[in-house]
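Down below is the structure, laid out as structure tokens.
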Amino acid sequence: MISNLLLRKWHRDLGYFFIGLIISFSISGIAQNHRKTWNPQKYIYSSLPIHTNLDLKTQTAITTEQVQKMLDDQKQGLVLKDFRIEDKGTKLRAFFSQGVADINLLTGAGKLERLDTPPIIGQLSNLHKSDQSIWIWYSDIFALGLIFIACSGMFLVRGKNSFRSKGYILMLAGVVIPLVFLFII
């Protein structure tokens, strides 16, 4: 059996080792929770009104070349990545590396929005979405470390405030609340 002193040492040292990642994941997790309200990875730093004669009144389809020419006409140095027609053929949405252009195909009016990554919070949010194998392995080790920290914490306190006395009630509440949200919502 592991001594309480050794358990405390491992619990403390793993906590210290992972504190930076715990804080990073916590901040980026909050940002990801609110991504319907704001985008933690992109923000609009400039919005310009634009006008084009590109429309569907006189043709049946819009080509990639036409959309790139429309972007070139804006003299912003934009390179088209993709585009799509939305709202029953009345709106064109063009995507480029650092932004998006929305054009009303009936009037030719639109806006060009330049996007950038918010400092710090944008990079932290990338931690949740990284698919690099080395990062995935490190994240898995981090997750195992958190499991150890959580489980070892249950056995560190003794006496009237121990896990057996009242800690298990708080743990059950902490397990039940997410399950309620998972199955009800």
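Tabulated results
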| quantity | calculated |
| --- | --- |
| Residue check, PHE142 within 28 Å of the chain's Cα centre (by Cα), within 26 Å of ASN39 (Cβ to Cβ), assigned by TED's automatic domain parsing to the domain that holds ASN33 and surrounded by 14 or more Cβ atoms within 10 Å (Cβ to Cβ) | yes |
| Criterion violated by LYS69 - all others in (1) within 30 Å of PHE17 (Cα to Cα); (2) in a helix (DSSP H, G or I) satisfied | (1) |
| Residue list for region 102-120, filter: of a type in the set (A, V, I, L, M) and either in contact with a strand residue (DSSP E or B) (Cβ under 8 Å, 6 or more places away or on another chain) or modelled with pLDDT under 85 (or both) | ILE103, LEU105, LEU106, ALA109, LEU112, LEU115 |
| Checking ASP116 against (1) touching a residue at least 24 places away in the same chain (Cβ under 8 Å); (2) more than 30 Å from ILE85 (Cβ to Cβ); (3) of a type in the set (Asp, Glu), the condition it does not meet | (2) |
| Criterion: assigned by TED's automatic domain parsing to the domain that holds ARG8 and out of contact with any Lys or Arg (no Cβ under 7 Å at 6 or more places or on another chain) - qualifying residue of ILE121, ILE149 | ILE149 |
| Residue within region 162-177 that is in the same structural domain as PHE18 (by TED's automatic domain parsing), within 30 Å of HIS11 (Cβ to Cβ) and not in a helix (DSSP H, G or I) present | yes |
| The listed residue being free of Cβ contacts under 8 Å to residues at least 60 places away in the same chain, out of contact with any helix residue (DSSP H, G or I) (no Cβ under 8 Å at 6 or more places or on another chain) and surrounded by 13 or more Cβ atoms within 10 Å (Cβ to Cβ), out of LYS91, LYS81, LYS75 | LYS91 |
| Subset of region 123-139 that is among the hydrophobic types (A, V, I, L, M, F, W, C) and more than 18 Å from SER26 (Cβ to Cβ) - its residue that is nearest to the chain's Cα centre (by Cα) | ILE136 |
| Residues (of a type in the set (Ser, Thr, Tyr) and over 16 Å from ILE22 (Cα atoms)) located in region 131-185 | SER133, SER152, SER162, SER165, TYR168 |
| Residue in region 98-107 that is crowded, with 16+ Cβ neighbours inside 10 Å, touching a Phe, Trp or Tyr at 6+ places or on another chain (Cβ under 8 Å) and among the β-branched types (Val, Ile, Thr) present | no |
| For PRO40: the one exception among (1) at pLDDT 80 or above; (2) surrounded by 12 or more Cβ atoms within 10 Å (Cβ to Cβ); (3) over 30 Å from ASP73 (Cβ atoms) | (1) |
| Condition met for LEU14 (in contact (Cβ under 8 Å) with a residue 60 or more places away in the chain, outside the structural domain of PHE155 (by TED's automatic domain parsing) and of a type in the set (A, V, I, L, M)) | no |
| Sole residue being in contact with a Leu (Cβ under 8 Å, 6 or more places away or on another chain) and either outside any helix (DSSP H, G or I) or among the basic types (Lys, Arg) (or both), chosen from ARG8, ARG35 | ARG8 |
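The values are calculated or read from the model by the stated rules, or taken from the named source; none is laboratory data. This is a predicted model, so every value here is computed, not measured. Cβ sites come from the backbone with ideal geometry, for glycine too, and all protein chains shown count toward neighbours.
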